[in-house]
1. Looking only at the stretch 24-46, which residues are part of a helix (DSSP H, G or I) and surrounded by 10 or more Cβ atoms within 10 Å (Cβ to Cβ)?
2. List pairs: first residue in the stretch 17-36 and hydrophobic (A, V, I, L, M, F, W, C), second residue open to solvent by less than 100 Å² (accessible area, probe 1.4 Å) anywhere in the structure, Cβ distance under 6 angstrom, at least six positions apart or on different chains.
3. Given the conditions (1) touching a Phe, Trp or Tyr at 6+ places or on another chain (Cβ under 9 Å); (2) in a helix (DSSP H, G or I); (3) at pLDDT below 85, which single one is not true for LEU5?
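The values are calculated or read from the model by the stated rules, or taken from the named source; none is laboratory data. Quantities reported herein were computed from a predicted structural model and do not represent experimental measurements. So basically every Cβ, Gly included, is an ideal-geometry build from the backbone, and we count neighbours across all protein chains shown. Just so you know, the surface numbers come from the protein's heavy atoms only, side chains and all, with ligands and any DNA or RNA stripped out. Shrake-Rupley method; radii C 1.70, N 1.55, O 1.52, S 1.80 Å.
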Amino acid sequence: MGEGLAGYTDFFFQLAFAAIAMTIAFGGFAERAKLSAYVIFAVLFSILIYPVVAH
């Protein structure tokens, strides 16, 4: 038997952790940015920042 969590369990944990990390940043610039800025930040954070930091 392999050690660690199942792949889907680890995926959902990382997904939830990334979402919580983004809400902290979103709270910092709430009501100061347009929706498009939120979407761009979420995409860039999910693709570029979070994988590097969380790895």
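1. Across the stretch 24-46, the qualifying residues are ALA25, PHE26, ALA37, TYR38, VAL39, ILE40, PHE41, ALA42, VAL43, LEU44, PHE45, SER46.
2. ALA18/TYR50; MET22/ALA42; MET22/PHE45
3. (2)
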